[in-house]
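Student: Take this structure, written in structure tokens, and hold onto it; I'll ask about it next.
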Amino acid sequence: MESMETESLFTRVGGEAGIEKLVDAFYGRVTSDALLAPFFEKVPMEHLTKMQKEFFSEALGGPLFYTGRSMRQVHAGRGIRKEHLQRFTEILLETLEAERDDLDLTPKDVNDIYSRIAIEADRITDDVAESG
Ligand code: HEM
């Protein structure tokens, strides 16, 4: 088997089309989840998924870059707590596992992708100690 070390995760996931598939599947699950759906009720999903595609692309080393607001700005004051964040990242992992075969991802890819997104976690909730 050839080494995949030099390939970016963006490439591993199938480029822009793969990102699109992943983000659509992810937000399909998030907005159908009883705990999380209320947060997204009044959000224009077209804009959100566009921003998410950029965000995922940048996080996975792709050529598309995130042009949205900072993670803190976007999420502050929404009453997002640890339990919501936990569910959100859990659904991310579920989505990656579910799409794994389709996107031809290794378990390591799934882990790497998950880590690159979940690393933002401490900027999301309102119950993390705020400084300034
Ligand atoms: C690691 C965790 C998370 C990441 C990386 C993330 C990332 C993002 C990104 C990139 C956007 C688009 C920002 C923009 O439009 O400029 C966004 C928007 C949003 N996120 Fe998150 N998010 C995370 C967790 C959560 C959680 C846990 C919730 C709620 C339970 C949440 C609720 C929202 C909502 C409601 C918006 C739409 C804001 C608006 O357009 O009015 N996010 N998120």
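Student: Looking at Arg116 and the list (1) over 12 Å from the mean Cα position of the chain (by Cα); (2) of a type outside the set (Asp, Glu); (3) modelled with pLDDT under 95; (4) closer than 19 Å to Leu9 by Cβ, which single condition is not satisfied?
Tutor: Of the numbered conditions (1) over 12 Å from the mean Cα position of the chain (by Cα); (2) of a type outside the set (Asp, Glu); (3) modelled with pLDDT under 95; (4) closer than 19 Å to Leu9 by Cβ, the odd one out for Arg116 is (1).
Student: From the list Thr67, Thr89, which residue is in contact (Cβ under 8 Å) with a residue 24 or more places away in the chain, among the hydroxyl-bearing types (Ser, Thr, Tyr) and either crowded, with 18+ Cβ neighbours inside 10 Å or within 9 Å of the ligand (Cβ to nearest atom) (or both)? Before you say what the answer is, go through the steps one by one.
Tutor: Working: Thr67 fails: in contact (Cβ under 8 Å) with a residue 24 or more places away in the chain.
Being in contact (Cβ under 8 Å) with a residue 24 or more places away in the chain, among the hydroxyl-bearing types (Ser, Thr, Tyr) and either crowded, with 18+ Cβ neighbours inside 10 Å or within 9 Å of the ligand (Cβ to nearest atom) (or both) holds for just one of Thr67, Thr89, which is Thr89.
Student: Would you pick out the residues in the stretch 38-80 that are under 14 Å from the mean Cα position of the chain (by Cα), more than 15 Å from Ile119 (Cα to Cα) and of a type in the set (D, E, K, R)?
Tutor: Residues satisfying the conditions are Lys50, Lys53, Glu54.
Student: Something else: Restricting to the stretch 43-55, name every residue that is more than 8 Å from the ligand (Cβ to nearest atom) and either part of a loop (DSSP other than H, G, I, E, B) or touching a Phe, Trp or Tyr at 6+ places or on another chain (Cβ under 9 Å) (or both).
Tutor: Met45, Thr49
Student: Looking only at the stretch 94-129, which residues are within 16 Å of the ligand (Cβ to nearest atom), assigned to a helix (DSSP H, G or I) and among the aliphatic types (A, V, I, L, M)?
Tutor: Restricting attention to the stretch 94-129, the residues satisfying the condition of being within 16 Å of the ligand (Cβ to nearest atom) are 94-96, 110-128.
Within this subset, residues satisfying the condition of being assigned to a helix (DSSP H, G or I) are 94-96, 110-118, 121-123.
Matches in the stretch 94-129: Leu96, Val110, Ile113, Ile117, Ala118, Ala121.
The values are calculated or read from the model by the stated rules, or taken from the named source; none is laboratory data. Computed from a predicted structure; not experimentally measured. As a convention, Cβ positions derive from the backbone with ideal geometry for all residues, glycine included, and neighbour counts pool all protein chains shown.
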